[in-house]
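Asks: Let me give you the structure first, and then I'll get to my questions.
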Amino acid sequence: MHGKILRWDPGAIDKLPSCLRIVIQSIVETMEDIEREMKPRGRSSSVQDTVEEIKIMGRAYAEISKWARAGHVPTFDDYIELGLDSSGIRCFAMYSFISMEDCEENQTNAWFKSKPKMLRALSVIFRLTNDIAGFEEEMRRGEVVNGVNCYVKQHNVTKELAVREIKKMIRDNYKIMMEEFLTIKSVPRPILVRCFNIVRLVNLYYEEGDNFTNPNGKLKDLITSLFFHPLPL
């Protein structure tokens with residue numbers, strides 16, 4: 001799968017299993033549609049940067065899947081770098097910047113490519129919060145490559161202690177997010193607000209369990225209320 005993503009070759013999609021074909025076809029067609037819309041507006045480089053981030057995410061998933069198939073539990077230090085890429089946060093952020101025509105594209109893209117601490121902190125928050133929320137279910141499915149499990153192995157501690165230490169990391173990265181939000185001057189404020197809003201989604205997804213993976217409870221109700229039963233204006 002990740003090879004098809006890395007080549008960004010629509011012609012190779014037909015060779016994939018049907019379940020993967022739907023995913024890759026949707027990704028490619030969506031990005032092509034966005035590029036057609038953005039190119040006349042002079043914002044096509046943001047689209048290409050988003051595609052590159054999708055490739056990075058695909059590569060990370062491929063490496064993690066190799067560990068999973070082998071039943072290999074890497075150290076937390078080895079896991080976290082790939083885990084940040086597989087979180088998809090950089091991809092999500094770049095995707096959200098594409099249509100922000102009130103922000104200068106080259107300036108935004110240069111900041112993004114500098115790998116700012118704000119985006120790394122956001123990736124850490126999402127990745128580790130997801131790992132804590134999904135730990136029990138992933139272990140039941142035999143998916144051993146999880147941040148909590150990797151921390152347990154590397155430091156030879158209990159799950160409870162691992163979760164406590166990982167939550168400290170999450171809190172530290174919230175502090176980094178806040179500091180960066182208040183001090184960064186190199187990009188327009190709306191870009192920083194967009195990043196800050198992404199972290200609010202993390203709270204929504206994982207405030208009560210893993211609503212991202214299992215959206216049929218609170219998350220479904222919120223989406224329904226927003227799109228099907230909105231408050232009258």
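No lab work stands behind these numbers, since they all come straight from the coordinates. The shown structure was predicted, so the numbers you read here are calculated from the model rather than taken from an experiment. Glycine gets a Cβ as well: all are built from the backbone with ideal geometry, and neighbour counts include every protein chain shown.
Asks: For residue 158 and residue 189, calculate 0.36 nm times their separation in residues minus their Cα-Cα distance, and state this gained length in nm to one decimal.
Replies: Stretched fully, the residue 158-residue 189 segment lengthens by 6.9 nm.
Asks: Below 18 Å, Cα to Cα, which lysines can residue 15 reach? Residues fewer than 8 away in the same chain don't count.
Replies: Excluding near neighbours in sequence, the set is 4.
Asks: Fewest Cβ neighbours within 10 Å first, please rank 108, 183, 213 accordingly.
Replies: Taking fewest neighbouring Cβ atoms as first place, the list is 183, 213, 108.
Asks: Now, a different point. Taking a cut-off of 25 Å between Cα atoms, list the lysines near residue 159, but don't count ones fewer than 8 places away on the same chain.
Replies: 66, 167, 168, 175
Asks: Among 210, 221, 77, determine the one that fluctuates most according to a GNM of the chain built with springs between C-alpha atoms less than 10 Å apart.
Replies: Result for the chain, Cα springs under 10 Å: 221 fluctuates most.
Asks: Could you work out the relative contact order of the chain? I mean the mean sequence separation of Cα pairs under 8 Å and 6+ apart, divided by the number of residues, in percent.
Replies: 19
Asks: Please identify, among 84, 20, 119, the residue showing maximal mean-square fluctuation in a Gaussian network model of the chain using a 10 angstrom Cα cutoff.
Replies: Checking each option, the largest mean-square fluctuation is seen for 20.
Asks: Here is a further query. Taking neighbour counts of Cβ atoms within 10 Å as a proxy for exposure, in what order, fewest first, do 91, 103 appear?
Replies: In increasing order of surrounding Cβ atoms, one gets 103, 91.
Asks: Name the residue farthest towards the positive end of the dipole of the chain from the options 182, 223, 156, assuming +1 on Cβ of Lys and Arg, -1 on Cβ of Asp and Glu, about the Cα centre.
Replies: Positive-most Cα among the choices belongs to 156.
Asks: 222 nm [θ] for the chain, helices only, -39500 (n - 2.57) per DSSP H run of 4+, per residue, to 500?
Replies: Calculated from helices alone, the mean residue ellipticity at 222 nm is -24000 deg cm²/dmol.
Asks: Same structure again: Between 125, 198, 34, find the one with the highest GNM mean-square fluctuation for the chain; connect C-alpha pairs within less than 10 Å.
Replies: Residue with maximal mean-square fluctuation among 125, 198, 34: 34.
Asks: Then there is this: If you put +1 on each Lys and Arg Cβ and -1 on each Asp and Glu Cβ, how big is the dipole of region 172-233 around its Cα centre, in Debye rounded to 20?
Replies: 300
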